[in-house]
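Here is the structure we will look at.
The values are calculated or read from the model by the stated rules, or taken from the named source; none is laboratory data. Model, not experiment: these values are computed from the prediction. Don't worry about glycine lacking a Cβ; one is built from the backbone with ideal geometry, like all the others, and counts go over all protein chains shown. Ligands, DNA and RNA are stripped out before the accessible areas are found, and what is left, the full protein with its side chains, is counted by its heavy atoms. Shrake-Rupley method; radii C 1.70, N 1.55, O 1.52, S 1.80 Å.
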Amino acid sequence: MHDTFLNQNLYESVIDICNENAIAKILKLTITVHTHSHISESSIREYFTERKNSLVGDWTNIQVQRQEIEPLTAVIDEIDGEIFQ
């Protein structure tokens with residue numbers, strides 16, 4: 001259940017970062033989560049798809065790294081993408 005809120009917060013943060021940096025399409029997204037988190041590449045991809053958000057698609061390489069960080073937190077390590085022309 002708590003990972004649902006984390007997924008939502010990740011989604012909103014990624015969108016905010018992309019808007020601030022005029023990113024139109026995410027090519028690579030790297031995130032660090034706690035070792036016991038249920039956040040995964042597929043859960044992130046599904047969250048964007050369900051919301052019909054075109055930032056993430058088949059072209060996006062999503063990497064979820066697991067480390068002993070604070071539970072129920074995530075770190076957005078990298079967003080690489082194409083900017084609006």
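For this structure, a couple of remarks:
Each row is one residue, and each column tells you yes or no for (1) open to solvent by 60 Å² or more (accessible area, probe 1.4 Å); (2) on the phi > 0 side of the Ramachandran plot; (3) free of Cβ contacts under 8 Å to residues at least 40 places away in the same chain; (4) touching a Phe, Trp or Tyr at 6+ places or on another chain (Cβ under 9 Å).
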position	(1), (2), (3), (4)
Asp3	no, no, no, no
Tyr11	no, no, no, yes
Val14	no, no, no, yes
Lys25	yes, no, no, yes
Val33	no, no, no, no
Ile44	no, no, yes, yes
Glu50	yes, no, yes, no
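- Residues (of a type outside the set (S, T, N, Q) and surrounded by 11 or more Cβ atoms within 10 Å (Cβ to Cβ)) located in the stretch 67-77: Ile69, Pro71, Leu72, Ala74, Val75, Ile76, Asp77
- When the stretch 29-61 is filtered for residues that are of a type outside the set (Gly, Ala, Ser), more than 16 Å from Gln8 (Cβ to Cβ) and part of a loop (DSSP other than H, G, I, E, B), the ones remaining, listed by number, are Thr35, His36, Asp58, Trp59, Thr60.
- Residue ID - farthest from the chain's Cα centre (by Cα), chosen from residues in the stretch 52-61 that are open to solvent by less than 80 Å² (accessible area, probe 1.4 Å) and not small (Gly, Ala, Ser): Asn53
- Residue match in the stretch 46-54 (condition: modelled with pLDDT of 95 or more and in contact with a strand residue (DSSP E or B) (Cβ under 8 Å, 6 or more places away or on another chain)): no
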